[in-house]
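What follows is a set of notes on a single structure, which appears directly below.
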Amino acid sequence: MASTVLSQYPAPVAGASLLLTFKGPRATILIIGGDALAASRAFAALEAGIHVLILARGSICDELKWRADHQQINLIDWDTLPSPSTSSAPDTESLSVFLTEHPSISLICITTHTTDTPALARVCHAHNIPVNVADLPALCDFSFAATHRFSDPETGEKSALQIGVTTNGEGCRLAGRVRREIVSTLPKEVAGAVRQVGKLRHLAKSVGDQTESGGEGDEGEDSGVTTPNRPVPRWRYGVDESKEESSRRRMKWVAQVSEYWPIARLTSMSEDEMKLILSGDSPHTSYFTPAPTESSLHNLELSLPPKKGRILLVGSGPGHPSLLTIATHNALTKHADLVLSDKLVPAAVLALIPGHVEVRIARKFPGNAEGAQSEMMDAAVEAAQRGLAVVRLKQGDPVVYGRAGEEVLFFREHGFEPLVVPGVSSALAAPIFAGIPVTQRGVAESVVVCTGVGRQGKEVKLPGYERPRTVLVLMGVARIAQVVSAMIRDDDGSGEGLQSGEGRREGRPYPRNTPIAIIERGSMPDQRVVASTLGDICEALESAGEQRPPGMMVVGWAVLALQGAGDTSVLDEGEDQDEERVRKWLGGSRWVMREGIDPGWAEV
């Protein structure tokens, strides 16, 4: 008979931990050690309101000293403890005496190890005080979970919501990763929801002058079991229920609200709504049931707060639709109510936007760049204020010369924190489409990204020549003559020797035979690459005909590294080989020009 009864219940499986939460102020923790780990343990205890004693000798970390100076913790020098002079183990004896004199100590952590550490742990066990010994799980009675405390998005302060993950000693680093992944999947409003449910819970108890029963699951019947699926009578206090029944009914409403309301809806509860909910007279109660009707869903929709608009700053990549990130694709096809696009975003990307979504193209032209920029930012704020989801679509990556920074600050000033969605930067992708690696062993060890034109058309300083470096110049093709002149000129304009750093270049001038490639409309079917040397590139680009914006320049020996049979010995050979290297690369011509992209992209 007994075996039959036992089989009805789950059999305990060893290997788990009893997960508890400790809060002060009746608890005291003793931390033996003065290192950074001791400081971390002390901080966690302080946040829980637990009194902290630090017992250490020798070096004490700065944080513990600071907290002691500010009377947050008590620092005790081990050498000041009384110890029997004849004892063969003075530390264990003095610890035992100390624990006897401090009966309020509830937990002990040992963070620094000595040869006496196992003996110290045995002293803790003899006093029936749970102990944690860092990195020695066999001596531990308890362990610390990988924890995260959420911040309230409304107040910016730490909230009451914490999560903890433990692998029970099987993988501490993995526990930290699991914790991070859990945090990343929870709604950002979850801490605000906890705040509001806490207010609702306290309001429910204060109305009936009930005392807290103490458990997270005490919002149900007297048994302490939450019963959100059980129907709640629509009674009103003072009519057909007692004070105790009224209290239990209110706590059931708290349980059902916690179980069934969307997190965002919980976060937005006002105090007046809370009072209506607890009274049982609120129309909101019609959708607490686990199987809502069409009518109750309608009530839920009507009760939601007005939709708040949002702004997304989104990078569209270099141009080829296949290089859109999933996040960008979703923003354009699933979330956008309005798309405000830069004029350089290609039609192939804009074609992905559903027909019902309004699309506006920035009216940027020479002399109107600032006006068009302001117009787009104002339009984004105006639309977001109307509750629309606005996608501000930019070429490449929004923060790589995309003016995203000033837009972030503008939108924030107007009450909207934009979501910045990275894009594949044309600075790195376009050279790949042109067969140019921006870094390559034996040729290019570093890469610099810069612009060829400054704010409001002002000149900028370009980096000087370094043989193992690739320089990527964005937005400078229209001023190719000025850029090349700044790169190759020295002080007297002869194009030889060194420059002092004045003018438009910082550092050495570039040899005239330095390879350069102009990549126009990178990644698009009509991509064009014009490659030559700095000395001949202006003439080469002019011979190619009308320019095809957007364009960029790649300057450095990486330009020829993978062309033809390839050349990856640039850094192994001296500059006296460069003229022959360039001649072989160009095949005796002064420049080369290539149209289109690899046909394989049509199949990707």
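Figures for the structure shown
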read-out	value
Average accessible area per residue (Å²) across the range 28-144 - probe 1.4 Å, nucleic acids and ligands excluded	50 Å²
Accessible-area composition of the range 433-590, carbon plus sulfur, in percent [1.4 Å probe]	45 percent
Cα Rg over Rh - the range 28-144, Kirkwood	0.93
Residue-level accessible surface for CYS172, protein heavy atoms, 1.4 Å, Å²	110 Å²
Solvent-accessible area per residue, Å², over the range 468-604 with all protein chains present [probe radius 1.4 Å]	48 Å²
Solvent-accessible area per residue, Å², over the range 310-424 with all protein chains present [probe radius 1.4 Å]	44 Å²
Amide N of the range 22-66 lying under 16 Å from the label point, which is placed 7 angstrom from the Cα of HIS127 along Cα→Cβ	27-33, 51-57
Loop-located chymotrypsin sites (Phe, Trp or Tyr not before Pro) in the range 22-101, at most 16 other Cβ atoms within 10 Å (DSSP)	PHE22
Per principal axis, descending, Cα span of the range 362-473 in whole Å	56, 28, 23
For the range 310-424, Kirkwood radius (reciprocal of mean inverse C-alpha pair distance, Å)	13.8 Å
Accessible area of the range 310-424 belonging to carbon and sulfur atoms, whole % at 1.4 Å probe	59 percent
Candidate lysines for bridging to LYS252, where Cα separation is under 27 Å - those fewer than 8 sequence places away on the same chain excluded	LYS23, LYS188, LYS199, LYS205, LYS243, LYS275
Carbon and sulfur %, accessible surface of the range 115-183 computed with the full protein complex present, 1.4 Å	50 percent
Mean shadow area of the range 92-166 over all directions, Cα convex hull, nm²	6.7 nm²
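The values are calculated or read from the model by the stated rules, or taken from the named source; none is laboratory data. Remember, it's a predicted structure, so these values are computed and weren't measured experimentally. Every residue, glycine among them, receives a Cβ derived from its backbone with ideal geometry; neighbour counts consider all protein chains shown. Accessible surface areas use protein heavy atoms only, side chains included; no ligands, DNA or RNA. Shrake-Rupley method; radii C 1.70, N 1.55, O 1.52, S 1.80 Å.
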